Structures are given as structure tokens and as C-alpha cells.
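The values are calculated or read from the model by the stated rules, or taken from the named source; none is laboratory data. What you see is a predicted model, and the numbers here were worked out from it, not measured in a lab. Here the Cβ is made from the backbone with ideal geometry for all residues, glycine too, and neighbour counts use every protein chain on show.
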Ligand code: UDP
Ligand code: MN
């Protein structure tokens, strides 16, 4: 039988084919394998992108930090002065008197007030003059304020050695605040608005101001750390105030602390003569004003979740003892610099 292909030819043909394939492979290798320069360029490009990613990471971190940062005092001040239409104003009447701790107390209170919208601070110094300490403090406070002064006459003024309960404090100052408010309200429309008597050394929750803002007549709530108790509070039964949780003189018509109520400004205008007085016995300031405003127990609007939450504390700042000032004089010949405002 005649063979189609001789085996030797087949082997020859196979070898030629394999050789051609190898030559072809080698010839193409150069084309498949990029030049060294191209490799370098690729690596450079990669590095450029890596660098851009690193830069983007830095920017992201910076933006994150900015987002989390506290707003600057300047931006808080700007914010404070924005009047929000339709939101009732809060007029805060604060008597204040000169003492070593005064500025510290005022700074602390002002930082609370900076968080409250539509608030106007009426601050009345128990002094013959508007002192530089308070004037300068108010100028830089970023708050809306009115600054007045009236001195408590010596016969009713508490002295350094008197126990603090002996005489009423801040009476003429609160009355001066009420007077300003009434006069201003007659000149321009202030309503809807509410007035609150805020002593300069108490502690106020921001929430308290939102509770009082929509007072129709008089709103009330508990006060912490007062009256020798953990707190004092109106007693609320089915949404109505029926009496007072207080140890001391519960028979008072309104047996609560000054920090425990706020009044609608309209009520002040309807009763133009209602005010505080130095002529009543201890603990009757609040009752004097509210009785003068024709308020009944049934008028009281319990706030702070039906008087179940403490949002204000009658804290008192400890009197600083300067026991080392004299020792310092003996030791170094001089005490601390009296020109330094504390
Ligand atoms: N006050 C005042 N003149 C004084 C004493 C006090 O104007 O001679 C102010 C004081 O700065 C505060 C308020 O009246 O805003 C109540 O006084 P204080 O805090 O001493 O009273 P307490 O804490 O004993 O109720
Ligand atoms: Mn106080």
C-alpha cells in the first residue's frame, strides 16, 4: 500500500513548523514585552495617582476636623443676634452686684444665654455707676442686652457679715428691669414675650428657656438645690397646680423661688404697678409680684414635663478666701496685681 506521506518527510515538515513557530515567537516577544521606558512611565503615573490619593485623604481629614470643630465665638455671636421672626422673645432680668466672683458668674451665665435664640438680657447693677467690669464684659459678650444700675440703699443692703437670708437681695434692680420692660413695651411692640428673673449665680438648662417661651400667663417648674431640700416644686394634680412642695413657709401664696416661674409680658402691662418690695417679710417677694399681677393658682401653667424635671438649680458660688494675699505681701513685699481684672 502506497503511503500518503513518508514518515521522514513528516518529521522534516514537523521540525520546519516548530522552528518557524519559535522564530515567530521570538520575533513577537519584543512587541509583547513593553520597553523599559514605558514601564518607567507607567510606574510614574501610578505614583502620581497614589500621591493624589494621599492629598485627597489629607483634605478629607481636614474637612472632617472642621465639621467636628466647635464654632468660633465670633460665629456664635453672629448667630445670637439673628432675630427669629415669630419666636416669642425672652426678657431676662438679672440683678448683679460687685464681688470677687462676679465676672466668673456672669461669664458662665452668658455662655448659657448664647445658646438661646430671641433672648434679651436686662442686667441691672446694684451700684451707683455702671462699673467697667460689667460694661466691658457686656460689650464683648455677643448678647443682646440693656445695662442699667440702681444702688440698694444702705439700710436695706446686706453686709458682708450678714447671713444671706437676712435681707432681700436684688429688689430695686428687678424693679428697674420691670420698669424698663414696661416703658420699652409701650414704645414698641414687644409681644409675644415672656419675662424671667434670673439671678447671676444660678445654673440654667438651655431647655428651661424653651419651656417658658410659650407662657400664656405664668408658667412654673421645680427648682433644684433650694430651700434646704434637694428641690422645691409646685404640686401638680391632673395638670393643675394645687400647692407647693416646700419645707419652708408652705402657706405662702406662691411658695417658690424666683427661679421657678416666668410671666407673659402682656400681664405686666395689664398690671402696671405690680412689682417687688423691700417691705415684705422674708420669702414673700415672689408672692408679692404674682399677687400684684392678679395671678391665681389655677392660672399657673406647669412646665418641665408636668413639673417632673429639674431644669434650673439654685447654685451659690463659694466665697473665695484670699488667705494668702497677706502672706504673699510678707513674703515678697507685694500681693497680686490689683490692676488685673479677675
Ligand atoms: N444681688 C444684688 N445685690 C446684693 C446682693 C445680691 O443685686 O446686695 C443680686 C445677686 O447678684 C443675684 C441676686 O441679687 O443676682 C440674688 O442674690 P444672691 O444670689 O446672693 O441670693 P441667694 O443665692 O442667696 O438667693
Ligand atoms: Mn444666688
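Key figures for this structure:
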| item | result |
| --- | --- |
| Given (1) under 23 Å from residue 126 (Cα atoms); (2) away from ligand 1 (no atom under 16 Å from the Cβ); (3) touching a residue at least 60 places away in the same chain (Cβ under 8 Å), number of the condition residue 279 does not satisfy | (3) |
| Some residue of the stretch 137-145 being out of contact with any strand residue (DSSP E or B) (no Cβ under 9 Å at 6 or more places or on another chain), touching a residue at least 60 places away in the same chain (Cβ under 8 Å), away from ligand 1 (no atom under 11 Å from the Cβ) and under 30 Å from residue 71 (Cβ atoms) | yes |
| Qualifying residue in the stretch 314-329 (condition: under 30 Å from residue 186 (Cβ atoms) and out of contact with any helix residue (DSSP H, G or I) (no Cβ under 9 Å at 6 or more places or on another chain)) | no |
| Residue, farthest from residue 217 (Cα to Cα), within the stretch 282-296, restricted to residues that are in a helix (DSSP H, G or I) and within 15 Å of ligand 1 (Cβ to nearest atom) | 285 |
| Enumeration of residues in the stretch 136-166 that are surrounded by 13 or more Cβ atoms within 10 Å (Cβ to Cβ), closer than 25 Å to residue 182 by Cα and away from ligand 2 (no atom under 16 Å from the Cβ) | 138, 141, 142, 143, 144, 145, 146, 147, 148, 149, 150, 151 |
| Any hit, the stretch 207-218, residues being within 12 Å of ligand 1 (Cβ to nearest atom), within 27 Å of the chain's Cα centre (by Cα) and surrounded by fewer than 20 Cβ atoms within 10 Å (Cβ to Cβ) | no |
| Residue list for the stretch 68-109, restricted to those being touching a strand residue (DSSP E or B) at 6+ places or on another chain (Cβ under 9 Å), more than 16 Å from residue 138 (Cβ to Cβ) and either in contact (Cβ under 8 Å) with a residue 40 or more places away in the chain or within 11 Å of ligand 1 (Cβ to nearest atom) (or both) | 88, 89, 90 |
| Matching option when the condition is over 16 Å from residue 102 (Cα atoms) and either within 16 Å of ligand 2 (Cβ to nearest atom) or in contact with a strand residue (DSSP E or B) (Cβ under 9 Å, 6 or more places away or on another chain) (or both), among 213, 169, 182 | 213 |
| Subset of the stretch 60-87 [farther than 30 Å from residue 120 by Cα and surrounded by 10 or more Cβ atoms within 10 Å (Cβ to Cβ)] | 60, 61, 62, 63, 64 |
| Selection count where residues are within 16 Å of ligand 2 (Cβ to nearest atom) and in a helix (DSSP H, G or I), scope the stretch 297-318 | 0 |
| Selected residue (only one of 273, 264 is out of contact with any strand residue (DSSP E or B) (no Cβ under 7 Å at 6 or more places or on another chain) and closer than 19 Å to residue 292 by Cβ) | 273 |
| Scan of the stretch 150-206 for residues that are near ligand 1 (Cβ under 10 Å from one of its atoms), at pLDDT 95 or above and in contact with a helix residue (DSSP H, G or I) (Cβ under 6 Å, 6 or more places away or on another chain), ordered by number | 150, 152, 197, 200, 201, 202 |
| Cβ pairs under 8 Å, 6+ apart, first in the stretch 310-329 and within 28 Å of residue 206 (Cα to Cα) and touching a residue at least 24 places away in the same chain (Cβ under 8 Å), second assigned to a helix (DSSP H, G or I) and more than 16 Å from ligand 1 (Cβ to nearest atom) | 310/304; 311/207; 311/208; 311/211; 311/304; 312/208 |
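The rows are residues; the columns are (1) modelled with pLDDT of 95 or more; (2) within 16 Å of ligand 1 (Cβ to nearest atom); (3) over 30 Å from residue 136 (Cβ atoms).
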site: 304; (1), (2), (3): yes, no, yes
site: 308; (1), (2), (3): yes, no, yes
site: 314; (1), (2), (3): yes, yes, no
site: 318; (1), (2), (3): yes, yes, no
site: 330; (1), (2), (3): no, no, yes
site: 334; (1), (2), (3): no, no, no
site: 341; (1), (2), (3): yes, no, no
